[in-house]
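Only one structure is covered here, and it is reproduced in the block below.
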There are 2 protein chains.
Amino acid sequence: MDGAHDPRRPLALSIGDPAGIGPELALKAWLLRKALPQSFLVLADPAQLRALAADLGWNVPIEETAPAGAAAVFARALPVVPLQHRFDGTSADAAGVIEAIERAVELVHQGEASGVVTNPIAKDRLYAHGFAFPGHTEFLGDLANKGWPGAHQPVMLIWSPTLAVVPLTIHVPLKEVPRLLSQDLIVKTARIVARDLKARFGIVRPRLAISGLNPHAGEGGSMGREEIETIIPSIAHLRAEGLDVRGPLPADTMFHAAARARYDVALCMYHDQALIPVKTLAFDEGVNVTLGLPFVRTSPDHGTAFDIAGKGIANPASLMAALALAARLAP
Amino acid sequence: MDGAHDPRRPLALSIGDPAGIGPELALKAWLLRKALPQSFLVLADPAQLRALAADLGWNVPIEETAPAGAAAVFARALPVVPLQHRFDGTSADAAGVIEAIERAVELVHQGEASGVVTNPIAKDRLYAHGFAFPGHTEFLGDLANKGWPGAHQPVMLIWSPTLAVVPLTIHVPLKEVPRLLSQDLIVKTARIVARDLKARFGIVRPRLAISGLNPHAGEGGSMGREEIETIIPSIAHLRAEGLDVRGPLPADTMFHAAARARYDVALCMYHDQALIPVKTLAFDEGVNVTLGLPFVRTSPDHGTAFDIAGKGIANPASLMAALALAARLAP
């Protein structure tokens, strides 16, 4: 399929933390490019990628290019749009990590890339360099608000071939979750999910399942009242708007095969309620998708994996899935 | 395999709520008895079972018997040890539901049955009749304390061929969970689990995995401190006792196949964290096992299913798995 990639503008891949597995995954994804429907370019330090490819003994030619030339380069070499920052293994590399994300979004804004795919970052390494966001998702929301008209609320969707989930609260202590849930959060998030599943995924009438917070979804209030006070009224509100929403469903019985067949996406109340089933069912194939943005953004659903970085053993399945899904979703 | 069942004393099956699916599951299990390694008797109202079999058109002869004769009866008929209470479809049936559980335990205590298997009950229907326990598990703990020397702490294990989990807290609102966790709870529960996995399941050196409470197991305290303050010290304590315990593991990445291969049982902090993965992976095959008792007790891992009861369509897989597992665990 070399040379047969979709002739559209390439996807823009930010390199992620240079000390993590992002760089070797970018090399591997290019080696496996025949499995991808669309070309991609990398926002990276070409010297670092060249050294890594040599070190691993992988035959990945690195070619510096302007964005417009990347699709043509892709068949013969990994197209790299160089960052201003050169990685040198110091903490100053944080500046390049942030630059790669900003420039990937910029390329989409300028019409030179069709979507953004981001490799993993280590947030704690970025905080010392002025990065003020809980993670990628919120940073991309901020970039969207700066570059496009309107106020954009980013929503994290974890997508896999077997299950798609949206956690309504994410990286917060479990004990904070009940307090953070609100009708406003549930209703606004569900609207964005329904809109983007239709607009981007092409699901004409998306079916949303919403979990309960408590065991057995509270069992009529006997094991917690958040279902009665917050979740059920939210669902009523969404149904009144014409959305196909069911719930609150007991979380333990909503993820087996027969139950999954009844909805397109599950909205869950907290991180593990959403992530346990998807990582149990599709550990290597999960893709992190940001809904609610004016552009397509996907990411592999794993971290920097510093402990195995540079060895060439990192599994590229999630990045490959992220690239393939971005190609499917991109305009 | 008729007549070839294990010659040991039969298992004692309590009929559960007579208006639920328990009675038809008992009939079905007898029809499928060739798949079972050991005979069972039912604590039930024989007239109700006869009427139900006739109503469903199932060829299940019902034979009233004393416990000692049940194993011999099993090849030709479903052996029923009659309750004093006769079910009549009124709320007074709660007395018979409780009697069936008590008498099943009594048969084990008297050496006339080798283990207890319980069909589902509807707790709210029992409360009006003086039943003062959150569920089966606690009731059985009380019966154990009355009938056997020592203080017995029942521990719920959900067992399946692919995954075994123990929820440390169960039927409580999610917001109560952080407050209910303690080193005492974790350490005592883990000891019981390790002891019974060895004694009953024959696992020479059981490997216990303990989950975190918060996303990413708290990520070093940045998303909740229960790991640092409660879970990590508990694990250190258990290791010092010589137990094979790992954790706290991020709950979302501990249930895929490669992760599951590293432990025999997962101890989880709350209901859904334990039940989501096991019901996602093994919806029909889960068995509820009570550890910590002086006798074997298993149960199908589902409820009374009043909505489909009496139609003959209930899936007997979980009861069959519960009977088979009880046969494996019983002395």
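The values are calculated or read from the model by the stated rules, or taken from the named source; none is laboratory data. Treat the numbers as computed from the prediction; the structure is a model and nothing was measured. Neighbour counts are summed over all protein chains in view; Cβ atoms, including those assigned to glycine, are modelled from backbone coordinates with ideal geometry.
A few remarks follow.
- Top-ranked residue in region A:282-314 [being closer than 26 Å to B:Val278 by Cβ and at pLDDT 95 or above; ranked as farthest from the other protein chains (Cβ to nearest Cβ)]: A:Val287
- Just one of (1) within 24 Å of A:Glu285 (Cα to Cα); (2) modelled with pLDDT of 95 or more fails for A:Leu180. It is (1).
- Filtering A:Arg76, A:Arg9 for residues that are basic (Lys, Arg) and at pLDDT 95 or above leaves a single hit, A:Arg76.
- In region A:291-321, of all residues being on the phi > 0 side of the Ramachandran plot and surrounded by fewer than 21 Cβ atoms within 10 Å (Cβ to Cβ), the one that is nearest to the chain's Cα centre (by Cα) corresponds to A:Ala305.
- Any pair with Cβ under 8 angstrom, 6 or more apart, that starts in region A:74-90 at a residue that is farther than 19 Å from A:Pro61 by Cα and of a type in the set (Gly, Ala, Ser) and ends at one that is at pLDDT 95 or above and part of a loop (DSSP other than H, G, I, E, B): A:Gly89/A:Pro18; A:Gly89/A:Ala19
- The single condition among (1) outside the structural domain of A:Ser234 (by TED's automatic domain parsing); (2) out of contact with any Ser or Thr (no Cβ under 7 Å at 6 or more places or on another chain) that A:Ala122 does not meet is (2).
- Checked against (1) touching a His at 6+ places or on another chain (Cβ under 8 Å); (2) small (Gly, Ala, Ser); (3) within 17 Å of B:Val245 (Cα to Cα), B:Gly147 passes all but condition (3).
- Note on region A:100-124: among residues that are within 22 Å of A:Gly310 (Cβ to Cβ) and surrounded by fewer than 18 Cβ atoms within 10 Å (Cβ to Cβ), the one that is modelled with the lowest pLDDT is A:Asp124.
- Considering residues of region B:169-183 that are in a loop (DSSP other than H, G, I, E, B) and under 18 Å from A:Gly218 (Cα atoms) only, the residue nearest to the other protein chains (Cβ to nearest Cβ): B:Pro173
- Residue in region B:62-73 that is surrounded by the most Cβ atoms within 10 Å (Cβ to Cβ), counting only those that are without any contact (Cβ under 8 Å) to a residue 40 or more places away in the chain and under 17 Å from B:Ile15 (Cβ atoms): B:Ile62
- Annotation note: Cβ proximity below 7 Å between a residue of region A:185-197 that is more than 15 Å from A:His237 (Cβ to Cβ) and a residue that is of a type in the set (Val, Ile, Thr) (sequence gap 6+ or interchain) occurs for A:Leu197/A:Ile203; A:Leu197/A:Val265.
- For region A:22-58, taking the residues that are among the charged types (D, E, K, R) and touching a residue at least 60 places away in the same chain (Cβ under 8 Å), the one that is surrounded by the fewest Cβ atoms within 10 Å (Cβ to Cβ) is identified as A:Asp55.
- Scanning region A:298-319 for residues that are outside any loop (DSSP other than H, G, I, E, B) and in contact with a Leu (Cβ under 6 Å, 6 or more places away or on another chain) gives A:Thr298, A:Pro300, A:Leu319.
- Picking from residues in region B:142-168 that are assigned to a loop (DSSP other than H, G, I, E, B) and either touching a Phe, Trp or Tyr at 6+ places or on another chain (Cβ under 7 Å) or within 14 Å of another protein chain (Cβ to nearest Cβ) (or both), the one that is surrounded by the most Cβ atoms within 10 Å (Cβ to Cβ) is B:Leu168.
- Residue satisfying condition, being of a type in the set (Gly, Ala, Ser), more than 24 Å from B:Gly135 (Cα to Cα) and in a loop (DSSP other than H, G, I, E, B), within set B:Ala75, B:Ala71, B:Ala53, B:Ala47: B:Ala75
- Hits in region A:108-141 - residues which are free of Cβ contacts under 8 Å to residues at least 24 places away in the same chain and assigned to a helix (DSSP H, G or I): A:Lys123, A:Asp124, A:Tyr127, A:Glu138
- Yes/no for A:Ala240 being farther than 24 Å from B:Lys175 by Cβ, within 14 Å of another protein chain (Cβ to nearest Cβ) and either touching a strand residue (DSSP E or B) at 6+ places or on another chain (Cβ under 7 Å) or surrounded by fewer than 22 Cβ atoms within 10 Å (Cβ to Cβ) (or both): no
- Of the residues in region B:266-279, at least one is more than 10 Å from every other protein chain (Cβ to nearest Cβ) and over 30 Å from B:Ala19 (Cα atoms).
- Sole residue being assigned by TED's automatic domain parsing to the domain that holds A:Lys279, touching a His at 6+ places or on another chain (Cβ under 7 Å) and free of Cβ contacts under 8 Å to residues at least 40 places away in the same chain, chosen from A:Pro167, A:Pro173, A:Pro215: A:Pro215
- Flag if A:Ala132 is at negative phi, at pLDDT below 95 and away from chain B (no Cβ under 14 Å): yes
- Checking each residue in region B:211-234 for being more than 14 Å from chain A (Cβ to nearest Cβ) and crowded, with 23+ Cβ neighbours inside 10 Å picks out only B:Ser234.
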